[in-house]
Amino acid sequence: MKLSVMQENLARGLAVASRAVSTRSTLPVLANVLLRTEDAGLKLTATNLEIGITYWVPGKIDADGATTVPAKLFTDLVASLPAGERVDLELQPADTLQVTAGRFATHVKGIDAEEFPAIPSAGERPTTRIAQRVLRQALIETTFAAASDEARPILTGVLARFEGNQLTLAAADNYRIAVKSIPILDPVEETNLVIPARSLAELSRILADTDDPVDVVLSPARNQVLFHLEGIDLVSRLIDGQFPNYQQVLPTSHATRAVVDREELLKAVRVAALIASASANIVKLQVSSDGDAGVTVSANAEVGDNEGQVEAAVEGDGTTIAFNARYLSEVLQNVSAEEFALELNGPLSPGVFRPMGEDDYVHVVMPVRTTS
């Protein structure tokens, strides 16, 4: 293997691909990035066996070949080389990669490319396509609500329900649910996939703020899904199991509705959370429906107390409800609508957050029981 690439192109590719590198595997090769010449360029691949990322770097090939080198070392090395320099890569005996740039020459010991796991490619026909901007925003608004612990593995994934011209994403842990529906470009038969939230979080970082499509390819064995955009592939395993029927816990009516400015409510919750973090992280929302309509956000702990007022347009009965401050903050900072409608049915029923003017998103948060 012998080739030349530009430092900035190689550094960018390594920054993307290395996000899939395993940090806890007992297989040494999974801590490496695979370098292989292909299609008049260099193909970088990394995987932790749950997610794999492939990135194509343009270059000038003098001799084909492949090897793997430690991902962190190689990424840091390339990032440290002078910007704008040409980087020459040459594979020498015993899987040693010679890296030359300007007046710098480094030898990095690697592992035979044959030991690297096979990663599917985007050669198959796309199952469907989705505008990158649309999918990226939908992932930002849902993946944060998935469970982070492995007690119920199915909840560490996001349900992707393809039906006709629409994709519905649903993420939930035991205390909240986020549901978002978006259009897809090619109609498909009804298909349900549960994709690890970690994989989708990485995908959201790769997707661009553009209307260019990302191809979605379901593997023939239906155990992996691949996302392909120009120069990059991301493949993820799927989670086996039945995702809970989230629709049956979505409230269909409300006794109280308060429309609030998202930024103002987020500001009040963040200030209250400073006090709430000293106890059980509980903040209270008191919705007043009288002539002084609004929402009071408060927290009380041994270290002190806090109360903030947020203007609101209120319909229905006044009520008080308590939530985990983190759950409130996360929905308010990940969904970018200017105003939210907060729909309530008393202190013990779930609270529903709907961004105004967006009928395709709903977020449900379970309340916290308090003594008062």
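The values are calculated or read from the model by the stated rules, or taken from the named source; none is laboratory data. Just so you know, these numbers come straight off a predicted model, no measurement behind them. Glycine also receives a Cβ, built like all others from the backbone with ideal geometry; neighbour counts cover every protein chain displayed.
A few points about this structure:
- Yes/no for residue 321 being more than 25 Å from residue 246 (Cα to Cα) and either in a helix (DSSP H, G or I) or in contact with a strand residue (DSSP E or B) (Cβ under 8 Å, 6 or more places away or on another chain) (or both): no
Yes/no per residue for (1) charged (D, E, K, R); (2) part of a strand (DSSP E or B); (3) under 30 Å from residue 204 (Cβ atoms); (4) at pLDDT 95 or above:
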site: 5; (1), (2), (3), (4): no, yes, yes, yes
site: 11; (1), (2), (3), (4): no, no, yes, yes
site: 14; (1), (2), (3), (4): no, no, yes, yes
site: 25; (1), (2), (3), (4): no, no, yes, no
site: 49; (1), (2), (3), (4): no, no, yes, no
site: 68; (1), (2), (3), (4): no, yes, yes, yes
site: 75; (1), (2), (3), (4): no, no, yes, yes
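- Residues of the stretch 311-360 that are of a type in the set (Asp, Glu) and over 17 Å from residue 139 (Cα atoms): 311, 315, 317, 338, 339, 343.
- Pairing residues of the stretch 37-55 that are touching a residue at least 24 places away in the same chain (Cβ under 8 Å) with residues that are surrounded by fewer than 24 Cβ atoms within 10 Å (Cβ to Cβ) and among the acidic types (Asp, Glu), at Cβ distances under 7 Å and at least 6 apart in sequence or on separate chains, gives 37/64; 51/202; 54/233.
- Subset of the stretch 9-53 (residues that are more than 18 Å from residue 70 (Cβ to Cβ) and in contact with an Asp or Glu (Cβ under 9 Å, 6 or more places away or on another chain)): 37, 38, 51
- Selection status of residue 54, in the same structural domain as residue 11 (by TED's automatic domain parsing), farther than 23 Å from residue 230 by Cα and among the β-branched types (Val, Ile, Thr): no
- Scanning the stretch 81-101 for residues that are touching a Phe, Trp or Tyr at 6+ places or on another chain (Cβ under 9 Å) and part of a loop (DSSP other than H, G, I, E, B) returns 81, 82, 85.
- Residue 137, sole failed condition from (1) outside the structural domain of residue 185 (by TED's automatic domain parsing); (2) of a type in the set (S, T, N, Q); (3) crowded, with 20+ Cβ neighbours inside 10 Å: (1)
- Across the stretch 280-298, a minimum of one residue is classified as touching a Lys or Arg at 6+ places or on another chain (Cβ under 8 Å), at pLDDT below 95 and either of a type outside the set (Val, Ile, Thr) or part of a loop (DSSP other than H, G, I, E, B) (or both).
- Strands (runs of 3 or more DSSP E) enclosed by the stretch 121-203 - at least 3 residues per element that are modelled with pLDDT of 95 or more and over 22 Å from residue 229 (Cα atoms): 157-172, 176-196
- Answer from 269, 214, 259, 235 - the residue that is surrounded by fewer than 21 Cβ atoms within 10 Å (Cβ to Cβ) and of a type in the set (A, V, I, L, M, F, W, C): 259
- Inter-residue pairs, beta-carbon under 6 Å, first over 17 Å from residue 316 (Cβ atoms) and in the stretch 292-303, second among the polar types (S, T, N, Q) and outside any strand (DSSP E or B), 6+ apart: 301/279
- One residue stands out in the stretch 312-327 among those that are under 32 Å from the mean Cα position of the chain (by Cα) and without any contact (Cβ under 8 Å) to a residue 60 or more places away in the chain: the one that is farthest from residue 258 (Cα to Cα), namely 326.
- When the stretch 349-372 is filtered for residues that are touching a residue at least 24 places away in the same chain (Cβ under 8 Å) and over 20 Å from residue 264 (Cβ atoms), the ones remaining, listed by number, are 349, 350, 360, 362, 364, 366, 367, 368, 369, 370.
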